[in-house]
Amino acid sequence: MFTRIRKSSSFANVLALLALFVALGGTAWAVEKNSVESKHILNETVRSKDVKDDGVKPRDVKLECGNGQTLIRGLCFDSTARAPVSSVYVASDNCRTGGGWLPDVLQLRSTRDELELGNGPTAQYTDSRFNNGNGSRTITVQDSGGTIEIGTSEDRPYTCVFEPLD
């Protein structure tokens, strides 16, 4: 069988077959591991789908916050508490209007070393709202990290949270 194939093979047939394999296989090139550096990448050209999972760590990215905000654990918090408002709903709406949100209990609690959260009547609103059978309630967080359950319509300061700037 091989003798028959060898007799009918010509240089042109072999070259045509080789061209077919190259055309079907395409061409490829490799980049040495860790050889692409920041200076080789144009701004705004790398998208999340271009990066493998866990390929970029938070320390690799410079995050920035707006004026009057402080970067804490990858989120931007108001640097100082906002003036007390009449309810957690007003606070939530004010944050939303500005493009942010009220922090949850753990987000706000985790900032107590960086932000002044207040104590007692100056403890700050969180986004937690529930009904315990005695009406609508919310949770506030104090400087100590302690939480206080209060009614949703008590004058309290609050802090908004925002995504870092692009």
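The values are calculated or read from the model by the stated rules, or taken from the named source; none is laboratory data. Keep in mind the model is a prediction, meaning the values are calculated, not measured. FYI the Cβ positions are ideal-geometry reconstructions off the backbone, even for glycines, and counts take in every protein chain you see.
Can you tell me which residues in the stretch 122-138 are within 19 Å of Asp78 (Cβ to Cβ) and either at pLDDT below 90 or in a loop (DSSP other than H, G, I, E, B) (or both)?
Going through the stretch 122-138, the residues within 19 Å of Asp78 (Cβ to Cβ) turn out to be 122-128, 138.
If the condition is that a residue be within 19 Å of Asp78 (Cβ to Cβ) and either at pLDDT below 90 or in a loop (DSSP other than H, G, I, E, B) (or both), then Thr122, Ala123 are the ones that fit.
The residue of the stretch 141-166 that is surrounded by the fewest Cβ atoms within 10 Å (Cβ to Cβ), among those that are within 24 Å of the chain's Cα centre (by Cα) and acidic (Asp, Glu), is Asp166. Condition (residue is over 16 Å from Pro157 (Cβ atoms), surrounded by fewer than 14 Cβ atoms within 10 Å (Cβ to Cβ) and among the polar types (S, T, N, Q)) applied to the stretch 75-88: is it met by at least one residue? Scanning the stretch 75-88 turns up no residue that is over 16 Å from Pro157 (Cβ atoms), surrounded by fewer than 14 Cβ atoms within 10 Å (Cβ to Cβ) and among the polar types (S, T, N, Q).
For the stretch 71-80, the criterion of being among the charged types (D, E, K, R) and at pLDDT 95 or above is met by at least one residue.
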